[in-house]
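Novice: Okay, here's the structure, questions in a sec.
The values are calculated or read from the model by the stated rules, or taken from the named source; none is laboratory data. This is a predicted model, so every value here is computed, not measured. We place every Cβ from the backbone using ideal geometry, glycine too, and count neighbours over all the protein chains shown.
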C-alpha cells in the first residue's frame, strides 16, 4: 500500500438522457415499457456510439450515446490515474532512508508517512465520494489530480516532518475518493458486456505502480534525492490533468437519492458478501506481504528477495491481464480459482524451502493479487447496482482497514513464532475468503 454504478437511470451502464424523465429505461430491449413518469425509452439503434475523444464527450446537457466499444484512450488515462495514486502512496517505502536522514528522524518515524496516507484513505473514501456524487465524473478526476500536483509538490518542499505528514494525509484523502470513483467510472464508459475488462484495464495501473513504479521511483531517488522524485511525480500528475481534461469521455454525476447512503449499499443482496470476502483475502495477503523480506530471510533465501519480488510483480501483471480478458464472462469462476489458489499458495510458502518452488509460488501469489482487486470491484458494482459508487467507497475503506489489520497481525506473528510461520497463519483467512466466494453464487458471485 474493478460494475454497475450509481446513475440517474435504472440502467447505469448508459449515460443520462436529460431530455427524458430522469428515470427513463434506455435498455436496448424490443419491449419499451413506460417508466414511472410515463416516458418511453428511445430506440438505442437510432443513436451513434460513444467515441473516445473529447470532441465526442457525453455531456450532461445533451443526448447520450450508447457505448458499443471500449474507449481505450479514456480507460488508459484512468489507468495512469490509478498508477499515480498508488505510487503517491507507496513511493516513500523505497525512500525511507533518504527521508529520515534529510528530516533528522528515525526510519520508523519516517515510515509514518505511509501510515497517515492510509488514514487519509480511510477517513476520506466514503464521505468525499458522497459529497462529489452529483458532480460530473471527469471534473472530479481532474480535481483529484490537481490535488495530487499540489500536495506532492508541497511534500517535495516540506521543511519539517509535521508539514510532510499533513501533506501525506491530504494526499490520502484524495486517494480514497480515487479508488472509489475510477472503477465505477470505467464501467459506465464501457458496453455492459465489457465492463469487467474496462475495470481490469484501469486496475492494471495500480499493478504496474507496484511492479514497476516503486522500483523505478526508488532508483530515481537514489540518483536525484527523494524531494526531486516527488517533484517528478507532480509533473506526471500535471500532464495527466491535461490528458484527462482533453481526452476522457465525461459522464454525469448521480442524484443523492440513487443509493448514496451507506445503509442503501449494505442492504443490497450480495454486497456484504463481497465486502467480507475482500476483508478476509486482503488481511491474509498483507499478513505475509508486509513482512515478505523477513520471511524470505527466515526460510533461508535472503539473497533471493529481489527475485521473489520480481516474480510476484510479474505474476500480478499476468493476473490483471487474465481478468481483463475473461473477467466479464467468467467472474465467478475466476473469483473461485483466485481465492482457492491463494489458499494453496500460502500452504506451499509455509511448508517448502526449495528456492524454485518458493519463486513459483510467488508468481501464483502475485497473479492472485493482480486479479483479486478487479474481480472484487466488478462483483461489488454488479451486486450494488444504483448504489455502486457507495459500495466502492465502502470497499476502499474495508480494503485499507484490512491492510492495517494484516500488518498488525503479521507483527504479532513474527514476535510469537517468526516470519516463516506467517504463510500458514494466513491460511484460515484465505479459507474464509474462498468459502464466501463459493457460497455467494446467487448475488455476490453469480454464475
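Novice: Just the residues that are farther than 19 Å from residue 224 by Cβ and part of a helix (DSSP H, G or I), please, taken from the range 79-113.
Specialist: Those that are farther than 19 Å from residue 224 by Cβ and part of a helix (DSSP H, G or I): 79, 80, 81, 82, 83, 85, 86, 89, 107, 108, 109, 112.
Novice: With respect to residue 337, is the statement that it is in a helix (DSSP H, G or I) and either surrounded by fewer than 17 Cβ atoms within 10 Å (Cβ to Cβ) or in contact with a helix residue (DSSP H, G or I) (Cβ under 6 Å, 6 or more places away or on another chain) (or both) true? Can you show your working first?
Specialist: On the way: in a helix (DSSP H, G or I): yes; either surrounded by fewer than 17 Cβ atoms within 10 Å (Cβ to Cβ) or in contact with a helix residue (DSSP H, G or I) (Cβ under 6 Å, 6 or more places away or on another chain) (or both): no.
Criteria not met by residue 337.
Novice: Here's another thing I want to ask about it. Checking residue 302 against (1) more than 30 Å from residue 343 (Cα to Cα); (2) at pLDDT below 85, which test does it fail?
Specialist: The single condition residue 302 does not satisfy is (1).
Novice: Which residues, counting only those in the range 125-150, are in a helix (DSSP H, G or I), at pLDDT below 85 and surrounded by 20 or more Cβ atoms within 10 Å (Cβ to Cβ)? Give the steps one after another, and end with the answer.
Specialist: From the range 125-150, those in a helix (DSSP H, G or I) are 125-131, 137-150; that's our starting set.
From what's left, at pLDDT below 85: 125-126, 129-130.
Once the filter is applied, which keeps residues that are in a helix (DSSP H, G or I), at pLDDT below 85 and surrounded by 20 or more Cβ atoms within 10 Å (Cβ to Cβ), the range 125-150 yields 125, 126, 129.
Novice: Looking at this structure, is residue 265 touching a helix residue (DSSP H, G or I) at 6+ places or on another chain (Cβ under 7 Å) and at pLDDT below 90?
Specialist: yes
Novice: Further, regarding this structure: Tell me whether the range 99-110 contains one or more residues that are surrounded by fewer than 16 Cβ atoms within 10 Å (Cβ to Cβ), under 26 Å from residue 370 (Cβ atoms) and over 21 Å from the mean Cα position of the chain (by Cα).
Specialist: Among the residues of the range 99-110, not one is surrounded by fewer than 16 Cβ atoms within 10 Å (Cβ to Cβ), under 26 Å from residue 370 (Cβ atoms) and over 21 Å from the mean Cα position of the chain (by Cα), which makes the answer no.
Novice: Failed condition for residue 192, given (1) at positive phi; (2) at pLDDT below 90; (3) not assigned by TED's automatic domain parsing to the domain that holds residue 391, with all others met?
Specialist: Failing condition for residue 192: (1).
Novice: Only one of these is on the phi > 0 side of the Ramachandran plot and in a helix (DSSP H, G or I): 385, 411. Name it.
Specialist: Of the residues listed, the single one that is on the phi > 0 side of the Ramachandran plot and in a helix (DSSP H, G or I) is 385.
Novice: Also, quick follow-up: If you check 235, 212, 163, which single one turns out to be under 19 Å from residue 120 (Cβ atoms), surrounded by fewer than 17 Cβ atoms within 10 Å (Cβ to Cβ) and assigned by TED's automatic domain parsing to the domain that holds residue 81?
Specialist: Selected residue: 163, the only one of 235, 212, 163 that is under 19 Å from residue 120 (Cβ atoms), surrounded by fewer than 17 Cβ atoms within 10 Å (Cβ to Cβ) and assigned by TED's automatic domain parsing to the domain that holds residue 81.
Novice: Answer yes if at least one residue in the range 348-356 is closer than 19 Å to residue 402 by Cα and either touching a strand residue (DSSP E or B) at 6+ places or on another chain (Cβ under 8 Å) or surrounded by fewer than 24 Cβ atoms within 10 Å (Cβ to Cβ) (or both), and no otherwise.
Specialist: Pass one, the range 348-356, residues closer than 19 Å to residue 402 by Cα: none.
Taking every residue of the range 348-356 in turn, none turns out to be closer than 19 Å to residue 402 by Cα and either touching a strand residue (DSSP E or B) at 6+ places or on another chain (Cβ under 8 Å) or surrounded by fewer than 24 Cβ atoms within 10 Å (Cβ to Cβ) (or both).
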